[in-house]
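Below you'll find the structure, written out as structure tokens, and then a few comments.
A short reminder: the numbers here are calculations on the coordinates, not readings from a lab. Here the structure is a predicted model, which is why all the values come from computation and not from measurement. A quick note on method: Cβ atoms are made from the backbone with ideal geometry, for glycine too, and the neighbour counts reach across all protein chains shown.
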Amino acid sequence: MQNFDFLEQIPDADPTETARLVGEIERSISAHGPERAKLLLMRLLARARDLGVDLPTLVTTPYINTIKTSDEPTFPGDELMETRIRHIIRWNAAAMVLRANKTHAGIGGHLATYASAASLYEVGYNHFFRGKVGGAGDQIFYQGHAAPGIYARAYLEGRISAPQLDRYRQETAGHGGLPSYPHARLMPEFWEFPTVSMGLGGIGSIYQARYNRYLHNRGLTDTSGSRVWAFLGDGEMDEPESAGALTLAAREGLDNLTWVVNCNLQRLDGPVRGNGKIIQELEGLFRGAGWNVIKVIWSREWDELLANDAGGHLVRKMDSTVDGEFQKYIVAGGAYIREHFFGPEPELGALVQHLSDDDLVRLRRGGHDYRKIHAAYASAVAHKGAPTVILAKTVKGYSLGPSVEATNVTHQAKKLSEAELLAFRDRLGLPIPDEKIPEAPYYHPGPNSPEVKYINERRAALGGPLPSRVVHPVNWSAPEAAVDAEFAAGSTVPVSTTMAFAKLLRNLLRDPNIGQQIVPIVPDEARTFGMDPLFKQSGIYAPFGQRYEPVDSELLLSYRESQSGQLLEEGITEAGSMASFQAASTAYATHGVPTIPFYVFYSMFGFQRVGDQVWQVGDARGRGFLIGATAGRTTLAGEGLQHDDGHSQLIAHLHPHVAAYDPSFAYEMAALIRRGMDRMHGGREDILYYLTIYNENQAQPARPEGAHVDEGIHRGLYRFAEADSSASGPIVRLFGSGAIMGEVLAARDLLRERFGVRAEIWSATSYSELRREALVVERWNRRHPESAPRTSWMQEQLGSGGAPIVAASDWVTALPDLLAPWIDVPYLVLGTDGFGLSDTREALREFFSVDAKHITAAAMVALARGGERTPAEAAAAIKELGIDPDRLPVFVLDR
Ligand SMILES: Cc1ncc(C[n+]2csc(CCOP(=O)(O)OP(=O)(O)O)c2C)c(N)n1
Ligand SMILES: [Mg+2]
């Protein structure tokens with residue numbers, strides 16, 4: 001209940017007038033009851049609005065259609081034809097799932113989602129969705145589980161063959177197998193946006209619409225002809241990612257965005273809001289967030305009933321009936337509806353007296369009435385200044401018969417009995433002979449049939465078929481040499497790789513070849529990463545410019561917002577930032593504009609927080625750079641357990657499209673970024689680079705000469721420094737990466753000075769890439785046991801046998817352990833397993849055993865294992881270094 005106490009604080013210039021008005025309402029309530037008073041108040045509100053009174057919106061409205069019947073435009077299509085077309089598509093969408101499950105029981109697929117959404121899609125296809133001929137067209141985020149219907153339409157259009165339909169969910173069997181869901185990775189000329197991980201389509205569509213505006217406002221391409229459509233389930237709206245970015249869409253006035261929420265009142269297990277009303281709840285949510293809301297609840301058959309309901313009984317009943325009950329009406333039939341919906345009040349019963357029980361069943365929900373849907377879409381695309389959501393009430397499993405329609409198991413239904421199929425065919429009126437029914441054959445009326453001609457004409461008029469993913473050839477000019485040349489020289493002034501990255505990024509933004517294509521993205525951490533000079537240099541993207549004078553306008557580096565700003569300062573939303581990243585990283589395909597996003601974030605809040613979106617970008621074939629800043633469990637000192645990241649490199653390894661690197665030095669970082677851009681846009685590889693950068697200032701060495709360095713940086717390993725050939729003593733190989741390279745270099749000195757041991761230094765820029773290559777080689781060797789074994793880069797560089805190895809990093813030990821199967825000398829790995837702590841860098845490195853002292857001790861043990869030192873010598877070294885040999889390893893503490 002709203003608290004109206006605030007009214008007492010607003011002076012009332014004419015209390016007598018106020019009392020008179022309030023008295024009117026009181027009288028009406030006592031004479032006619034509260035329903036009429038509601039109506040009166042809403043009328044007053046509407047009239048006052050007309051007269052320019054600026055009143056806040058009502059967040060919810062009665063449970064009826066938003067658009068009044070008399071405002072519906074005439075339906076522009078051939079209604080009978082479109083109905084036939086829908087029937088054919090409905091049939092084939094079901095047939096492909098039934099057939100797949102007949103061939104391979106349990107292969108899965110969904111009947112009910114598309115069955116509920118067919119009209120929502122078909123009205124879009126025949127009248128609204130713009131294709132890609134002559135432009136980018138519309139971007140459509142389909143409900144993942146509706147995929148069979150989308151394939152079935154493509155089949156009717158002649159874009160997918162019957163054998164292909166028969167390979168639904170059988171992708172390994174050969175080319176042309178159809179993926180279960182929208183996956184651009186697997187069907188790159190068809191699907192554009194992966195959506196089946198629920199919620200990601202929602203947030204992705206908002207940032208896609210926003211990015212379309214960004215490209216337009218920055219003059220990179222004209223996106224005024226594109227609309228973003230997103231189809232979501234009502235259950236899916238519970239995902240935080242679905243609802244989390246609604247206010248951004250309204251704030252930025254994204255009237256190029258239309259959402260259609262398929263409110264079939266059910267999710268997988270049962271009703272979405274059995275005891276409530278999902279449409280009303282969503283209406284409040286969206287309107288509160290500033291969206292234009294159009295409810296499509298009732299079909300045309302209800303129009304007359306509503307018109308005849310002078311007492312408002314029907315609206316009241318609609319308002320007070322919960323969704324669980326509405327679901328029941330679908331399965332329980334006409335008599336039940338008459339008794340329970342129209343029965344309790346004589347006035348309601350009278351309204352439907354002239355209708356039979358069967359007629360009552362035929363009172364449909366609005367989402368199955370293409371006229372109502374058409375009116376909603378037409379109104380949505382005409383709406384200015386805000387995004388629109390259409391809340392369409394449907395029946396889950398619509399038209400599939402009583403074993404499926406609106407049952408609680410509908411989502412998982414994959415079978416129909418022969419009798420049900422016969423009834424389904426009859427309902428759809430398709431000329432499929434009875435004897436064929438058991439095999440659920442596809443039905444195609446032929447390429448020259450009126451139906452196919454009709455849909456193909458409609459699609460041609462709207463710019464070609466959808467979904468369709470097109471990669472336009474782009475001219476790629478690499479950045480000029482000056483962009484990264486400076487990093488090869490190194491620097492004696494200690495700088496962190498983060499500072500070096502910020503400098504490189506500024507250089508890239510100024511580059512004449514690709515500067516305009518760079519898209520820096522930060523979630524309210526630009527200052528943390530030293531990127532604040534970009535506020536002024538590039539400007540912060542703000543669709544309406546800057547409407548205030550910033551407090552720091554006098555300063556050199558002021559906070560500058562601009563309509564043509566290049567930096568996406570997202571605020572504190574990693575999910576939103578990743579959604580921007582997705583739009584930017586796929587713009588080369590979506591819009592033929594190869595923008596190159598650099599998303600810079602706290603590495604801890606990357607993969608583990610938005611890993612599913614990183615996966616989604618992989619599916620969408622994104623190209624770009626993820627920069628995990630403040631990396632390293634011990635290097636980000638002070639911040640402690642929820643900040644100190646020692647595992648994102650390992651998580652990144654599990655993403656097949658991500659090349660993950662942990663550079664030690666600025667020149668490595670610069671080389672990786674250059675090569676990465678080249679691979680993505682020169683070589684058209686649909687990959688991401690993940691680079692971890694640190695905030696520890698360290699002397700930056702010059703780039704050593706040699707082909708092994710150039711190549712090794714990218715392959716993942718190279719010898720950075722040889723063992724001192726002027727000295728004597730056993731040799732140990734030390735692998736270092738990231739900020740821990742500093743400890744490795746210090747260990748080299750300790751080993752030489754205190755223990756007479758010489759160390760070779762190896763820079764391990766990517767354990768992850770090394771393992772991937774080693775696996776490919778291993779697989780070949782495994783399959784060719786009689787051939788001379790091949791060797792990987794790592795094996796070539798390390799050779800067989802030789803000095804023992806100690807690997808130290810600020811990551812969990814499992815990361816360097818990725819190489820263990822291919823190392824044939826003692827291999828000791830130091831890492832930062834366990835939860836982080838807040839303390840100084842020195843204390844943390846000592847605690848996790850990754851400091852120079854522990855690396856030195858491990859080197860002595862490695863030599864002992866290799867027989868070059870005795871165990872007693874190793875034990876003495878441990879003692880001399882002041883290490884407590886009995887301290888428990890971190891990861892068993894407190895277990
Ligand atoms: C993140 C995520 N969680 C769970 C699922 C599994 N799942 C697939 S469909 C579904 C129910 C969908 O209900 P709704 O959003 O209402 O869509 P409908 O099929 O009813 O149109 C669930 C739970 C998923 N695909 N993604
Ligand atoms: Mg649903």
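Helices in the chain, meaning DSSP H runs of at least 4 residues, each add -39500 (n - 2.57). Divided by all residues, the mean residue ellipticity at 222 nm is -12000 deg cm²/dmol. Convex hull volume per residue, computed on the Cα atoms of the chain, equals 215 Å³.
With 22 Å as the limit, the listed pairs Lys295/Lys415; Lys277/Lys317; Lys414/Lys436 have Lys295/Lys415 beyond it between alpha carbons. In this structure the amide hydrogen of Lys295, modeled in the peptide plane, comes within under 5 Å of the amide hydrogens of Thr66, Ile67, Leu391, none closer than 5 places in sequence on its chain. Ranked by the mean number of other Cβ atoms within 10 Å of their residues, highest first, the peptides 27-39, 587-599, 688-700, 282-294 fall in the order 587-599, 688-700, 282-294, 27-39. Amide H to amide H, with H built 1.01 Å from N, Tyr661 comes under 5 Å of Tyr690, Leu691, Thr692, counting only residues 5 or more places away or on other chains. I need the fraction of alpha carbon pairs in region 337-390 separated by more than 14 Å, rounded to a whole percent. Roughly 64 percent, rounded to a whole number. Note on region 664-733 and region 334-397: Cα centroid distance 64 Å, given to the nearest whole angstrom.
The angle separating the long axis of helix 200-217 from the principal Cα axis of greatest extent in the chain is about 80 degrees. What angle do you read, to the nearest 10 degrees and between 0 and 90, between the alpha-carbon axis of helix 278-289 and the longest principal axis of the chain? For helix 278-289, the angle is close to 60 degrees.
Residues whose amide H comes within less than 5 Å of that of Ala230, counting only those at least five positions distant or on another chain, are Phe141, Thr258, Trp259, Val260 (H built at 1.01 Å from N in the peptide plane). Highest average first, the peptides 96-108, 129-141, 558-570 ordered by how many other beta carbon atoms sit within 10 Å of their residues are 129-141, 558-570, 96-108.
Candidate cross-link partners of Lys102 among the aspartates and glutamates, defined by an alpha-carbon separation under 19 Å and a same-chain spacing of 8 or more, comprise Asp166, Glu171, Glu418, Glu420, Asp434, Glu435, Glu439. Computed from the Cβ-Cβ distance with R0 of 45 Å, the FRET efficiency linking Ala485 to His104 stands at 0.20. Classified by the C-alpha gyration tensor, region 564-627 has an oblate form. Its axis ratio a/c, with a ≥ b ≥ c, is 1.5 or above, and a/b does not exceed b/c. Overall size of region 107-159 from C-alpha positions, given as principal axis extents largest first: 39, 21, 17 Å. Region 544-612 and region 225-277 have Cα centres spaced 24 Å apart.
Please work out the Cα convex hull volume for region 193-308 and give it in Å³ per residue.
Given the Cα convex hull of region 193-308, per-residue volume reads 136 Å³.
Converting phi to 3J(HN,Hα) with the Karplus coefficients 6.51, -1.76 and 1.60 and the offset θ = phi - 60°, region 251-258 yields 4, 8, x, 7, 7, 8, 10, 10 Hz in sequence order, with x at every glycine or proline.
For a Förster distance of 22 Å, can you work out the FRET efficiency between the beta-carbons of Val470 and Ser161, rounded to the nearest 0.05?
Working: r = 21 Å, r/R0 = 0.94.
After rounding, the FRET efficiency stands at 0.60.
Any idea what % of Cα-Cα pairs in region 524-635 are farther than 23 Å? Of all Cα-Cα distances in region 524-635, 34 percent exceed 23 Å. Here the chain is treated with +1 on each Lys and Arg Cβ and -1 on each Asp and Glu Cβ, and its dipole about the Cα centre works out to around 2040 debye. Computed about the Cα centre, the dipole magnitude for region 132-249 is approximately 360 debye when only Lys and Arg (+1) and Asp and Glu (-1) carry charge, each at its Cβ.
Restriction of the GluC sites (Glu not before Pro) in region 770-849 to DSSP coil positions whose beta-carbon has at most 15 other beta-carbons within 10 angstrom yields Glu786.
Only Cα pairs under 8 Å and 6+ residues apart enter the sum, and on that basis the relative contact order of region 671-812 stands at 27 percent. Among Gly490, Gly706, Val829, whose Cα sits farthest toward the positive end of the charge dipole of the chain (+1 at Cβ of Lys/Arg, -1 at Cβ of Asp/Glu, about the Cα centre)? Looking along the dipole axis, the top candidate is Gly706.
Rg over Rh for region 688-809 works out to 1.01, using Cα positions for both radii and the Kirkwood form for Rh.
3J(HN,Hα) couplings calculated from phi for region 876-885 with the Karplus curve 6.51 cos²θ - 1.76 cosθ + 1.60 (θ = phi - 60°) are, in sequence order, 5, 5, 4, 5, 4, 7, x, 8, 7, x Hz; Gly and Pro show x.
Taken as Cα centroids, region 57-112 and region 128-175 sit 16 Å apart, rounded to the nearest whole angstrom. With contacts taken as Cα pairs under 8 Å at a separation of at least 6 residues, region 250-347 carries a relative contact order of 31 percent. Working note: Karplus 6.51/-1.76/1.60 with θ = phi - 60° gives region 91-96 the couplings 5, 5, 4, 6, 4, 5 Hz, where Gly and Pro are set to x.
Note: relative contact order over the chain, using C-alpha pairs below 8 Å and six or more positions apart, is 11 percent.
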